Amino acid sequence: MKYLTRVVDDILDLKLESFGATLIVGPKGCGKTTTAKQKARSIIDFQDEDLREGYLKVAENMPSKLLIGKTPRLIDEWQDAPKIWGAIRKSVDDSNESGLYILTGSTSQIVNTPHTGTTRISTLKMYPMSLYESGESDGRISLLKLFETKELEFIESKLSIDNLIFAICRGGWPRSLSNKTQKAKLEIANDLFFQTCHRDISNIDHVNRNALWAEAILRSYSRNICTLAETKTIFGDVTATTGMTKPTYYDYIQALEQLFIIEDIPAWCPSIRSKEAIRASHKRNLVDPSIAVAALGVSPDYFNSDFKTLGFLFESLCIRDLKIYSSRMNGELSYYHDRYGLEADGVLHLKDGKYALLEFKLGSNEIDDGAKHLCEIERLIDIYNKKEKQCPLRLPDLKIIITGSQYGYKREDGVIVLPIGCIKD
């Protein structure tokens, strides 16, 4: 299968230019090794069973020997030979050169290294593929250019609702794209869910955990995806069938976060309301909506009669894609919600200080309501700035409603309606 260009490719180039070594992390199956191979000029693969035993012996006794080769040199499954971390760190110090090594490995095993690798080994996080990377979005609208122009001509998305639903259920797993049938494409997310609960959650730190308990947690998370469900809600949901204690619950949550499966969204807490009015808890989310679909045990046909759940999963997909698209700009994603019901599903902050208020609306009938929320937040910021002239808040550079519907345009109130099937980085 031909390599599909990833947004992270350019970021990896910058890492290789800036640091001696780059460690690529992310959920299992997101394409870390495949992406690294596009940049590597030589490879050590500890998964190669024909060479594995010899590699491991060398790594145990003289790991620096495995670093000899054309650079960037890829060390795949490096965690199988932990001493190689120290060897790489020393090599970078001795040579004082950049772009020497790329490290990839399984997220299902934590390795404690004697040195952090700070300023020598930089970390790069990867996600599953966005709709633009997988080919479902035509990429006519660049998010970066939109921040510059703040304008949008009328556009029409070619991504149908049926294809959008399938993309949500399939997920952004590169392996699924090469499968021929729709059933086979969907099976990748199902297997990732199974492997996470039955193997990876115990392998990550060699602590034996109950697979059914892990499934129960992910199932509850999936029912509450992209909501502000409190810990007591999810914990109560899980204990109803498992009887686990709260310390055990937190242990499982931590393991799932280390596996890059759970990835909650933090709150944005500007001073436009009283401190007590702002909801500051995290919004529940998973790294890819397909994990939630697999945990719930449903198929694309199920969503023909459950648009409410589909709406939350659509929001999760939008968050995934925006994290990928904004990664070139060091973007950070949060949300806003207060006790008066005013909300922004997302707030995208860029490193240069620009930011966008975001609402995610699957259907066009929800656009007016979303636009009112965004305009009201902007109005409150303006009022705050008139009162607090010494420390004003920046007004939003963009107000965007990302939608699963067909048409994109700029409204008279300045809100941009943008189909998810037209966006790229």
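What follows draws every value from the coordinates through simple rules; no lab data is involved. Remember, it's a predicted structure, so these values are computed and weren't measured experimentally. Don't worry about glycine lacking a Cβ; one is built from the backbone with ideal geometry, like all the others, and counts go over all protein chains shown.
Residues within the reach of a label modelled at Q38 (point 7 angstrom out along Cα to beta-carbon, backbone nitrogen below 15 Å), restricted to the range 1-19, are 1-16. Shape of the range 305-372 from the C-alpha gyration tensor: oblate (a/c of 1.5 or more and a/b not above b/c, with a ≥ b ≥ c the square roots of its eigenvalues). Given +1 at the Cβ of Lys and Arg, -1 at the Cβ of Asp and Glu and no other charges, the dipole of the chain around its Cα centre is 520 debye to the nearest 20. Helix 8-18 sits at what angle to the longest principal axis of the chain, using alpha carbons and giving 0 to 90 degrees rounded to 10? Result, in degrees: 60.
Mean sequence separation of contacting Cα pairs (under 8 Å, at least six apart), scaled by the length of the range 8-125, corresponds to a relative contact order of 41 percent.
Between L4 and S274, the distance separating the two model label sites (each 7 Å from Cα on the Cα→Cβ line) works out to 5.0 nm. In percent, rounded to a whole number, the relative contact order of the chain is 18, using alpha-carbon pairs under 8 Å and six or more apart. Count Lys and Arg as plus one, Asp and Glu as minus one, and take only other residues whose Cβ is under 11 Å from that of P289; the net charge is then -1. With the simple spin-label model, which puts each label point 7 Å out from Cα in the Cβ direction, the K372 to N210 separation comes to 4.6 nm.
Rounded, prolate or oblate for the range 8-104? Axes are the square roots of the Cα gyration tensor eigenvalues, ordered a ≥ b ≥ c, and the cut-off for rounded is a/c under 1.5. It comes out oblate by the Cα gyration axes. Expressed to the nearest 5 percent, the antiparallel share of DSSP beta bridges inside the chain is 35 percent. May I ask for the net charge around L152, where only other residues with Cβ less than 11 Å from the Cβ of L152 are counted and Lys, Arg are +1 while Asp, Glu are -1? Around L152, the charge tally is +3.
Separation of the range 241-306 from the range 398-420 is 26 Å, based on Cα centroids. A protection proxy built from the mean count of other Cβ atoms within 10 Å ranks the segments 401-413, 122-134, most packed first, as 122-134, 401-413. Quick check: from the Cα gyration tensor, does the range 131-424 come out rounded (a/c under 1.5), prolate or oblate? Verdict is oblate for the range 131-424. Counted residue by residue at 0.36 nm each, then reduced by the alpha carbon distance between them, the extension gain from A240 to V58 reaches 60.4 nm. Working note: 222 nm ellipticity from helices only, DSSP H runs with n ≥ 4, each -39,500 (n - 2.57), summed and divided by the residues of the chain, gives -12000 deg cm²/dmol to the nearest 500. Averaged over residues, the count of other Cβ atoms within 10 Å places the peptides 323-331, 245-253, 99-107 in the sequence 99-107, 323-331, 245-253, highest first.
For the chain, the longest principal axis of the alpha carbon atoms and the long axis of helix 52-61 meet at an angle near 80°.
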